[in-house]
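S.K.: Mind looking over this structure? Questions follow.
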Amino acid sequence: SQQGEEDPQALSIQEGENATMNCSYKTSINNLQWYRQNSGRGLVHLILIRSNEREKHSGRLRVTLDTSKKSSSLLITASRAADTASYFCATRTRRGAQKLVFGQGTRLTINP
Amino acid sequence: KAGVTQTPRYLIKTRGQQVTLSCSPISGHRSVSWYQQTPGQGLQFLFEYFSETQRNKGNFPGRFSGRQFSNSRSEMNVSTLELGDSALYLCASSLGDSLETQYFGPGTRLLVL
């Protein structure tokens with residue numbers, strides 16, 4: 001079963017707009033990571049946020065984490081056509097098997 | 001540094017056959033993880049190897065196995081292939097003894113006929 005669930009499943013916006021994707025998870029985590037995947041290729045690591053952090057920035061990316069609600073959000077500002085991809089959240093659980101568990105992803109389309 | 005490489009990139013097999021996929025991690029990385037990606041199940045963790053030992057394992061049948069060599073290169077084997085094994089198999093490497101910041105290869109796309 002998936003630990004993370006992304007919302008929405010698909011998002012289509014105009015170039016220059018901001019894109020927000022949400023991720024919810026079920027169990028306690030050590031950290032949460034966001035990845036990007038272009039057209040069925042390998043995943044590219046975007047950002048990692050630890051369970052004791054609330055917000056993190058990297059370039060045009062902003063990630064928040066709310067452990068009380070077991071949720072995270074990824075904000076991409078000033079979107080570009082090259083941002084068109086699928087975005088996945090992945091959690092590393094605190095207990096049990098130490099493995100990365102991915103959500104189903106959000107398909108983001110940036111329209112020129 | 002060169003990234004994670006996977007060979008072959010594409011593979012077509014028939015039911016009942018076996019297949020071996022290879023992964024070369026980033027130089028200096030000792031942890032290698034394998035994932036299966038399908039449209040229906042998404043990305044699922046197969047197993048992780050660290051210093052030639054399987055350290056974590058996902059919920060896959062015993063037909064899926066792997067190993068890691070002393071140079072950290074890893075292979076994954078699937079025996080008695082089933083149609084449902086058709087997927088993109090992704091390998092990821094990372095530093096040290098955690099699963100943080102995994103760097104993924106381009107994947108091997110396996111089609112089972």
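Computed from the coordinates by the stated procedures, all read-outs in this text should not be read as laboratory data. In this text the structure is predicted, and so the values were computed from the model without any measurement. A quick note on method: Cβ atoms are made from the backbone with ideal geometry, for glycine too, and the neighbour counts reach across all protein chains shown.
S.K.: If Lys and Arg each add +1 and Asp and Glu each add -1, what is the summed charge of the other residues whose beta carbon sits under 15 Å from the beta carbon of B:S74?
M.R.: Values: positive: B:R30, B:R55, B:K57, B:R67, B:R73; negative: B:E48, B:E52, B:E75.
Spelling it out: positives minus negatives among the neighbours equals +2.
S.K.: While we're looking at this one, here's another question. With a cut-off of 8 Å between alpha carbons and a minimum separation of six or more residues, what is the relative contact order of chain B in percent?
M.R.: Working: 295 pairs, mean separation 41.3, N = 113.
The normalised contact order for chain B reaches 37 percent.
S.K.: Counting just the Cα atoms, what span does region A:36-82 cover along each of its three principal axes? Round to the nearest Å and put the largest first.
M.R.: Between the extreme Cα coordinates on each principal axis of region A:36-82 lie 33, 23, 15 Å.
S.K.: Sticking to Cα atoms, compute the Rg of the protein assembly as shown to one decimal and its Dmax as the biggest Cα-Cα distance, whole number, in Å.
M.R.: Final numbers for Rg and Dmax: 17.3, 50 Å.
S.K.: I need the Kirkwood Rh of chain A: take the reciprocal of the average 1/r across all distinct C-alpha pairs and report it in angstrom. Walk me through the numbers before you get to the answer.
M.R.: Details: mean 1/r = 0.0718 Å⁻¹.
Final number for the Kirkwood radius of chain A is 13.9 Å.
S.K.: Quick one: divide the alpha-carbon radius of gyration of chain B by 2.2 N^0.38 Å and tell me what you get. Write down the numbers at each step before the final one.
M.R.: On the way: Rg = 13.1 Å, N = 113, 2.2 N^0.38 = 13.3 Å.
Its radius of gyration relative to the 2.2 N^0.38 Å reference: 0.99.
S.K.: State to the nearest 20 debye the size of the charge dipole of chain B about its Cα centre, where the only charges are +1 on K and R beta carbons and -1 on D and E beta carbons.
M.R.: Details: 11 positive and 7 negative charges, 48 e Å.
My answer is approximately 240 debye.
S.K.: Residue farthest toward the positive end of the dipole of the protein assembly as shown, with Cβ of Lys/Arg at +1 and Asp/Glu at -1: which of B:S33, A:N111, A:S51?
M.R.: B:S33
S.K.: Can you pull out the trypsin sites (Lys or Arg not before Pro) in region A:51-112 whose DSSP state is coil and whose Cβ has at most 16 other Cβ atoms within 10 Å? Provide the component values of the computation, followed by the final result.
M.R.: Working: sites: A:R54, A:K56, A:R60, A:R62, A:K69, A:K70, A:R80, A:R92, A:R94, A:R95, A:K99, A:R107; in loops: A:R54, A:R60, A:K69, A:K70, A:R80, A:R94, A:R95, A:K99.
When the trypsin sites (Lys or Arg not before Pro) of region A:51-112 are filtered for loop state and at most 16 Cβ neighbours within 10 Å, A:R54, A:R60, A:K69, A:R80, A:R94, A:R95 remain.
S.K.: Given 25 °C and 0.890 mPa s, compute D for region B:45-95 with the Stokes-Einstein relation, Rh being the Kirkwood radius over Cα pairs; round to the nearest whole µm²/s.
M.R.: On the way: Rh = 11.8 Å.
Stokes-Einstein gives a translational diffusion coefficient of 207 µm²/s.
S.K.: Next question, about the same structure. Before anything else, pin down the relative contact order of chain A: Cα pairs under 8 Å, at least 6 apart, normalised by residue count, whole percent. Don't jump to the answer; show the numbers that get you there.
M.R.: On the way: 291 pairs, mean separation 43.6, N = 112.
Dividing the mean separation by the residue count of chain A yields 39 percent.
S.K.: If packing is taken as the mean number of other Cβ atoms within 10 Å per residue, what is the order of B:35-41, B:107-113, highest first? Spell out each step's value before the answer.
M.R.: On the way: B:35-41: 15.9, B:107-113: 17.7.
Sorting B:35-41, B:107-113 by mean packing, highest first, produces B:107-113, B:35-41.
S.K.: Next question, about the same structure. When the Cα centres of region B:1-52 and region A:34-90 are compared, how far apart do they sit, in Å?
M.R.: Cα centroid to Cα centroid, the span is 23 Å.
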